[in-house]
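The values are calculated or read from the model by the stated rules, or taken from the named source; none is laboratory data. These numbers come from a predicted model, not from an experiment. Positions of Cβ are backbone-derived with ideal geometry, glycine not excepted, and every protein chain shown enters the neighbour counts. For accessibility, only protein heavy atoms count, side chains too; no ligands or nucleic acids. Shrake-Rupley method; radii C 1.70, N 1.55, O 1.52, S 1.80 Å.
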Amino acid sequence: MGSKSKIIGNIISIAREFQYESVIDLFSGSGVVSYAFKTENKKVISNDYMSMNYHISTALIENNNNILPIEMAEELMSSNTTKNDFFVQNNFSGLYFKDYDNAIIDNIRANIKELNNKYEISIAKAALMRACLKKRPRGIFTYTGYKYDDGRKDLKVSLSEHFMEAVKTLNFAVFDNKNTNFAVNKNAMNFNFDADLVYMDPPYYSKHSDNEYVRRYHFLEGIACDWKDVEIQWETKTKKIRNYPTPFSSKVGAYSAFSDLFKKYTDSILLISYSSNSLPSLEEMIDLLAQSKKHVEVIELDYKYSFGNHKHKINNNNNSVSEYIFIGY
């Protein structure tokens, strides 16, 4: 949800028009933009308020050299009787995965706690989250059961195979860009790093849909933080985590948050990805940026959101929106 993988080339091309050595990805999400900036050999500070995204960035952005050895990854799936950690088996049985998959998830969770290297931990957690994502019909956790199982290949592959394939993929993606990069897990409004360029891809506020990433991916977020310091809504069918507070959840909050962030980074080049079906509007975003920047430009891209695979959504023109990239300097 919200991935910028399809327009990453546009974002990097625009950034290349400026002289900068360091970059903040303030709402890093899946980390694809942070990773692209890392390949540009920039110092990258990748931040997100969700633990799942923090571990992805720790594994691939902050980490320059460490991999998770394949033998060690295989051992993570073995039974760990010393921990006696059956949290998923006890609390999510029949909701998202078969019992034998829940057992593997708990084994990996328990064995991860035996690791001492933070990058090995993050690679293992990122791999487990990816395995769960690929094994889950539609890749989300807003419903229970398996009603969207359409027989596609990913759903036939075992969770164990997905996990090992994810470890290999993540290991292959680790590289050293000769910079000290950081992964941070903070609310963007409380973030206190500086950089030459700041990229923002915030949760879009819209009257037509919600921007609750936690609701869609709460199970993965639980794996990432081991369900610590979160409020599980036990009374819900999905046993989801209560959504994290963010000003972008309301119209008034979104306007105020943009204003505060633009003022906060007055001395940085600003790049903001934004959607035409969101608020503030195009004109309002320009006005807000102009209060902090002498020069404001907007590049409009044609973009079609394809989140989900409902038949009525395929080729639906209502999914066609303009993706804006605002530039302030």
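Which distance in Å, rounded to a whole number, links the C-alpha centroids of the range 103-143 and the range 10-58? If you average the Cα positions of each part, the centres end up 23 Å apart. Note on the chain: with charges restricted to the Cβ of Lys and Arg (+1) and Asp and Glu (-1), its dipole about the Cα centre is near 800 debye. Residues 118, 134, 294, ordered by accessible area of protein heavy atoms at a 1.4 angstrom probe radius and largest first, appear as 294, 118, 134.
The calculated FRET efficiency for the pair residue 266 and residue 244, based on their C-beta separation and a Förster distance of 22 Å, comes to about 0.20.
The listed residues 158, 275 rank as 158, 275 when sorted by accessible area, largest first, using a 1.4 Å probe. Report in % the part of the accessible area of the range 201-262 that belongs to carbon and sulfur, leaving out ligands and nucleic acids; probe 1.4 Å. Reported share for carbon and sulfur atoms: 50 percent. Once you sort the root eigenvalues of the Cα gyration tensor of the range 197-249 as a ≥ b ≥ c, which label holds: rounded (a/c under 1.5), prolate (a/b larger than b/c) or oblate (the other case)? Since a/c reaches 1.5 but b/c is at least a/b, the shape of the range 197-249 is classed as oblate. Accessible surface calculations at 1.4 Å, restricted to protein heavy atoms, place the range 162-241 at 48 Å² per residue. As a calculated quantity, the FRET efficiency between residue 98 and residue 236 at R0 = 30 Å, using C-beta atoms, amounts to about 0.90.
Nonpolar atom fraction for the range 43-191, defined as the carbon and sulfur part of the 1.4 Å probe accessible area, stands at 49 percent.
The 1.4 Å probe gives accessible areas that order 238, 180, largest first, as 180, 238.
Would you mind classifying the range 172-287 by shape? Square roots of the alpha carbon gyration tensor eigenvalues, ordered a ≥ b ≥ c; an a/c under 1.5 is rounded, otherwise it is prolate if a/b is larger than b/c and oblate if not. Write down the numbers at each step before the final one.
Details: a/c = 2.09, a/b = 1.17, b/c = 1.79.
Taking the square roots of the gyration eigenvalues as a ≥ b ≥ c, the range 172-287 is oblate.
Helices in the chain, meaning DSSP H runs of at least 4 residues, each add -39500 (n - 2.57). Divided by all residues, the mean residue ellipticity at 222 nm is -11000 deg cm²/dmol.
Whole-Hz Karplus values for the range 218-230 come out as 4, 5, 5, 4, x, 4, 5, 9, 6, 6, 9, 6, 10 Hz, taken residue by residue from phi with 6.51 cos²θ - 1.76 cosθ + 1.60 and θ = phi - 60°; glycine and proline positions read x. Per-residue SASA remark: residue 293, around 10 Å² accessible (1.4 Å probe; ligands, DNA and RNA not included). Take the chain and mark each of the GluC sites (Glu not before Pro) that is in a DSSP loop with at most 16 other Cβ atoms within 10 Å; the longest unmarked stretch, sites excluded, is 115-230. Taking trypsin sites (Lys or Arg not before Pro) across the range 13-47, the ones in a DSSP loop with at most 16 further Cβ atoms lying within 10 angstrom of their Cβ are 16.
In the range 149-195, the ratio of gyration radius to Kirkwood radius, Rg to Rh, stands at 1.21 when only Cα atoms are counted. When restricted to Cα atoms, the chain yields an Rg and a Dmax of 20.2, 62 Å, respectively.
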